[in-house]
Structure formats: C-alpha cells, structure tokens
Amino acid sequence: MSLCNFCQARVVEGMLFCEECGTPLLPHLSGSPRPATARLLILPHQRPLELRGPGTWILGRKRGTDSDAMCLDLSPFGAYEQGVSRKHACLEITPQGRAYLTDLGSRNGTWIDDRRLTPHRPYPLPQKAILRLGRLEIEWYHPPS
C-alpha cells in the first residue's frame, strides 16, 4: 500500500485514481526531478497564475471554510456563473516536467482545445492550449524543461 500524493489516503498499488479524492495516480518514471513552471491565463480577465512544479492542483471553486492549499480557486473569475464545479479538474506536473489534466466528473465538462475530456482519465497537456472548464476559458502555457 502507498499514499495518494494529494490527500494522503492509502491506495492499493496499481490503482490509476485515488478512491478518496479522484486524483490520478500517475507512475513517476525514473529520472532526476526538474522544477517545472507553467502559466494559466484566465480569459477574458487576462490575469496570469504561475504554477511551480512538480505538484498537483485541483481547479475549481473553494468554499469559504475549505483549507485545501492545493486548490486553485477560480471563483474570483466568475467560475460559478461559468459552470465550474467545486472540484472540477486536476492538473498535475510530474517530477519529469510532464503535465496532465483530468476532469473530476464535472457536470459541465472539461476541454483541451476543442477536445472534451472523458472524466477520470488523465490527458497529457501540450506546451500551449486553451483549456475550458464549463464555459471558463484558460490559456495554458508550459515551457519545455
């Protein structure tokens, strides 16, 4: 048994997703960890959010009493009105600098460019893309490591 990197719940070896929080349990391949930096630009607000990895972030809306430090609260950008769920999607940057986006079973869907994601399946993110959570558009940029 091992622990989920996000919620620290016990997980059975070989599982693809944490049964507690739904975070993808991606295999971490051998190789030296490199710091990764990515940028999310919330459209049309043009406000950038910088991510330094490796790490896992939940994209969604934070409740007033939540204390989840790994949640990127999109509420200030009209997330509720745009159909973003409280825990909408999971973004992971691995120690090797690869980035993945997973829809966490959101009601209004998640897209990479014009491709709708199947829930609970990690999708590799390209260097540049337009992400859509419900109707909220986010420009993604992840420079090569």
Which of K62, K128 has the fewest Cβ neighbours within 10 Å, and the rest in rising order: K128, K62
Sorted by chain and then number, the residues having a modelled amide H within less than 5 Å of the amide H of R61, at least 5 places away or on another chain, are L74, R86, K87, H88
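Please report the antiparallel percentage of the DSSP beta bridges confined to region 31-141, to the nearest 5. Write down the numbers at each step before the final one.
Working: 35 of 38 bridges.
The answer is about 90 percent antiparallel.
What is the Å³ per residue value for the convex hull set by the Cα atoms of region 31-141? Write out the running numbers ahead of the final one.
Numbers: hull volume 10.7 nm³, N = 111.
Hull volume normalised by residue count: 96 Å³.
Values quoted throughout were computed directly from the atomic coordinates according to the rules given, and no laboratory measurement underlies them. Model, not experiment: these values are computed from the prediction. Note: ideal-geometry Cβ built from the backbone for every residue, glycine included; neighbour counts use all protein chains shown.
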